[in-house]
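Data first, discussion second: the structure below is written as C-alpha cells.
The values are calculated or read from the model by the stated rules, or taken from the named source; none is laboratory data. No experiment lies behind these values; they were computed from the predicted model shown. Cβ coordinates were reconstructed from backbone atoms using ideal geometry, including for glycine residues, and neighbour counts include every protein chain displayed.
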Amino acid sequence: MLSPATNICIQAATSVLLQHNIYKVGCNVFMMRVVILIIFTVLILEATPTFQSLFEVDNISIVYNVIDGDTFDASIGRVRLADINAPEVGEPGYYDAKYALSSLVLNRMVYLDVDDKYVKDKYGRYVCVVYVRHNSTHLLNVNLFLAVNGYASITNYDNEFNPYTWRLFIYYPEAVTETVTETGKSTTLTVLQPTTITLTETNTSALNPPYILVVIVVLVLMLLAIFMFRGRR
C-alpha cells in the first residue's frame, strides 16, 4: 500500500499530465519515458524500509538463574530471549553463550519488552527483548548484544518483534528523584519514565527518500513546462 504522501504526488503528476494531453495519440515519446521512470522510482522508494521501531517496558524483574545462552529465570518467571538462538547443551559454544548471558543479567535488574502477540511460547516461557542498564541514560539490548558478538544467531520468529530493526543501545534515562521544600516540609518526588517510547532515526542526508521524491516531482513539472513551451513555438 502506497503512503498518503506518495499517492498525493502521483495524483498531482497525473493531473498535470492529463491537463496537457500527454496521454493522447501522438504524445511525446520522451515525456512518456519520463513518466514511466518517475513511477518506477516512486515504487522503489516505497519499498525502502523505515527506521521507526517501538520500545516498551512491560516488566522489570531480577534474574536469579541462567539456563543457557537464551533462557533465564527471573521474578516474572522463565524468560526466552526473542528471535535469537544460542547453542544447546552439548553443542559448541554452549558454555560461552551461557557465561555471556550470565555476565549481563544474573542477579541484575532487567527491563522486559514482552511479545504482545503471544506473550509466551509453547513451553510457557515469556518471549522478550531483554534490556539491562548500560549507564544513567541508556539500556543495552541483550538479545542483539549476544547476536552481534557471536554467542547466538538471529531468527525472525512469528512474534511482534523485528530483530533487523533493533538498536544496541536505547535511550531510557533513570528515574529522576527531586526534593521539594514547601513551608518547612520536605517532599521527595520520583518521576518514573514512560513505559512506551517511540524511537525514530532521522536521516538528514540529501538521499533521504522524501527529498528525492520532491526533487523528482519538481523535475517532472520543469520538463512539462519546457515541453509546452516548445509546443507553442
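Observations on the structure shown:
- Of everything in the range 137-163 that is part of a loop (DSSP other than H, G, I, E, B) and of a type in the set (S, T, N, Q), the residue that is surrounded by the most Cβ atoms within 10 Å (Cβ to Cβ) is ASN159.
- Selected residue [at positive phi, buried (at least 16 other Cβ atoms within 10 Å of the Cβ) and in contact (Cβ under 8 Å) with a residue 40 or more places away in the chain] from ASP70, ASP83: ASP83
- Residue selected from the range 87-129 under the condition among the hydrophobic types (A, V, I, L, M, F, W, C) and more than 23 Å from the chain's Cα centre (by Cα), by the criterion surrounded by the fewest Cβ atoms within 10 Å (Cβ to Cβ): VAL89
Quick grid of which residues meet (1) within 22 Å of HIS138 (Cα to Cα); (2) in a strand (DSSP E or B); (3) polar (S, T, N, Q); (4) in the same structural domain as VAL127 (by TED's automatic domain parsing):
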position: SER61; (1), (2), (3), (4): yes, yes, yes, yes
position: ASN65; (1), (2), (3), (4): no, yes, yes, yes
position: ASP73; (1), (2), (3), (4): no, yes, no, yes
position: GLU88; (1), (2), (3), (4): no, no, no, yes
position: PRO92; (1), (2), (3), (4): no, no, no, yes
position: LYS98; (1), (2), (3), (4): no, no, no, yes
position: VAL110; (1), (2), (3), (4): yes, yes, no, yes
